[in-house]
Ligand code: F6R
């Protein structure tokens, strides 16, 4: 989604801002822009295209600029045109603003400003910000005061960076429900919406909290809480970004690279946590709340998209292994739902990015309930990681493809660990799950070795317009996730269904042009799922079965993919890998932008 990068310092500001914007490109955007300012000189350059275009336009500049603010925009209010791209300015063109999030009361503010004689050039909500700053500046004459007053009048979610041509030594930033970090360099600061935009030389960072603004210059930084009207003192934190992990290497796409990282992903999620020889599951991130966890009687998992489906797998796992009732709710629904919540309930938020606005809002909802809030997060230091009481990191490393793959694998692995941890070793499944978790990386590797075969089958089906994914038990959430993956990267209509639901509606769709991908592991639900396949087969629906050696299909189906045997509780880790590869190869065959599907963004920072 939208990205912010700003620079103030003693070298040319253009390079770090352009590099930062490029680092944020994977998150999805449709236009970009930059304002560069130096004494008595300011330039605004925008494009309805890629950051590379901006970079080309800037290459002819002779002067050096010490301050720049840049932005990549993912359209919410107004189409992706040059006029709607950020930075936005006041009518005089001397105040520049980039903004992530949504200003919910922008219509009211716009009407107010229009009545005061202000004219607007874009359809965005953002444009009210520089205009409102201008309005207050006219009264207070002090930019910081005008900025503060503007922030107090904005409703919604925002991360903002602002610059004023008459004050080329400072960048002004603020945040509410949208992340903003300030990287510290030598005689320089870089402000950004994500630490990945700070560049590998930046080792220290300040995280702004809600209602904080900062006045940032090359050598100093003033942080102020504009709700409580007081200055804040805080120390910078260390960051570690491994740039090696984020390069494509020999892979054609990040999605494929990340699928192939799955064995290592599981390994990283279990190392130091699962010790089969000692029969131990150690989750350091939960130690501080271990006592509280003894008394919980209900778990609510909140998440969106793929993380939500991982949560559904977690529901099966925690209920079966730890015997605690679990409910999984879409974060966007949970936050508006009026349900009774007791203090013995735990809310677990699952998020790869740790910045998903709906999931943050779900956690905010229960902030004052005295309820324990845990996180299963991949991005270290992200908003959700910091706002939860405790949690378990996924350690999957940066995920750049918009379609989540290895993060799902890591989330399910962590959920299995949490299920084991919460069982206190009192489950008959404890030992088998602990023992088998360490075998999963090798088994995923075996599946990856079959990628050519999976590709061949995928290509056979790339021209179909509709798809059904079915499974029972642990395979039901996998079917939902498989359908989501196919939809988002290949734009093929796909639905995931519990196999037992076929006769209650979806069977009506089955005919020779409506293939079904059946998830068919060995286990007590095998025969029931086979009966569902018989019904599809007799209606001429093509079937692709993913199965193990012990769950081969005896009927004459179109295609099958055999994968290694594992215990029921960990089957999602193996089946999901096949589904990810299947979707990937179809998308590549359709010549689509696999890593950046249309209309989607990596980190959904608006509700
Ligand atoms: C699908 C996908 C999305 C995310 C969802 C939540 O492949 O990536 O559905 O899973 O937007 O994002 P996080 O996990 O960052 O909260």
Condition check for residue 488: surrounded by fewer than 18 Cβ atoms within 10 Å (Cβ to Cβ) and either over 30 Å from residue 441 (Cβ atoms) or at pLDDT 95 or above (or both): no
Extreme residue, farthest from the chain's Cα centre (by Cα), among residues of the stretch 459-481 that are part of a loop (DSSP other than H, G, I, E, B) and crowded, with 18+ Cβ neighbours inside 10 Å: 461
Odd one out for residue 602 among (1) crowded, with 19+ Cβ neighbours inside 10 Å; (2) closer than 30 Å to residue 2 by Cα; (3) modelled with pLDDT of 95 or more: (3)
Test set (1) assigned to a helix (DSSP H, G or I); (2) surrounded by fewer than 16 Cβ atoms within 10 Å (Cβ to Cβ); (3) under 29 Å from the mean Cα position of the chain (by Cα) - residue 456 fails condition number: (3)
Failed item in (1) away from the ligand (no atom under 15 Å from the Cβ); (2) over 24 Å from residue 485 (Cβ atoms); (3) touching a helix residue (DSSP H, G or I) at 6+ places or on another chain (Cβ under 7 Å); (4) outside any loop (DSSP other than H, G, I, E, B), with residue 432 passing the rest: (3)
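Quick grid of which residues meet (1) more than 30 Å from residue 605 (Cβ to Cβ); (2) in a helix (DSSP H, G or I); (3) away from the ligand (no atom under 16 Å from the Cβ):
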site	(1), (2), (3)
268	no, yes, yes
272	yes, no, yes
309	no, yes, no
313	no, yes, no
317	no, yes, yes
321	yes, yes, yes
324	yes, no, yes
Yes/no for residue 541 being more than 34 Å from the chain's Cα centre (by Cα), surrounded by 15 or more Cβ atoms within 10 Å (Cβ to Cβ) and more than 30 Å from residue 266 (Cα to Cα): yes
Checklist (1) surrounded by fewer than 18 Cβ atoms within 10 Å (Cβ to Cβ); (2) within 16 Å of the ligand (Cβ to nearest atom); (3) within 14 Å of residue 300 (Cα to Cα) applied to residue 340, failing item: (2)
Among the candidates 137, 144, 151, residue that is part of a helix (DSSP H, G or I) and out of contact with any strand residue (DSSP E or B) (no Cβ under 7 Å at 6 or more places or on another chain): 137
Residue check for residue 571: crowded, with 23+ Cβ neighbours inside 10 Å and within 16 Å of the ligand (Cβ to nearest atom): no
Single residue of the stretch 348-380 satisfying the filter (within 14 Å of the ligand (Cβ to nearest atom) and assigned to a loop (DSSP other than H, G, I, E, B)) that is surrounded by the fewest Cβ atoms within 10 Å (Cβ to Cβ): 380
Failed condition for residue 479, given (1) more than 16 Å from the ligand (Cβ to nearest atom); (2) within 23 Å of residue 565 (Cβ to Cβ): (1)
Some residue of the stretch 108-127 being buried (at least 17 other Cβ atoms within 10 Å of the Cβ), part of a helix (DSSP H, G or I), within 28 Å of the chain's Cα centre (by Cα) and assigned by TED's automatic domain parsing to the domain that holds residue 177: no
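With respect to residue 415, is the statement that it is under 21 Å from residue 593 (Cα atoms) and either free of Cβ contacts under 8 Å to residues at least 12 places away in the same chain or part of a helix (DSSP H, G or I) (or both) true?
Judged against the criteria, residue 415 is not a match.
Could you tell me which of the residues 163, 157 is in contact with a strand residue (DSSP E or B) (Cβ under 9 Å, 6 or more places away or on another chain) and over 22 Å from residue 76 (Cα atoms)?
Working: 157 fails: over 22 Å from residue 76 (Cα atoms).
Of the residues listed, the single one that is in contact with a strand residue (DSSP E or B) (Cβ under 9 Å, 6 or more places away or on another chain) and over 22 Å from residue 76 (Cα atoms) is 163.
The values are calculated or read from the model by the stated rules, or taken from the named source; none is laboratory data. Here the structure is a predicted model, which is why all the values come from computation and not from measurement. Cβ coordinates were reconstructed from backbone atoms using ideal geometry, including for glycine residues, and neighbour counts include every protein chain displayed.
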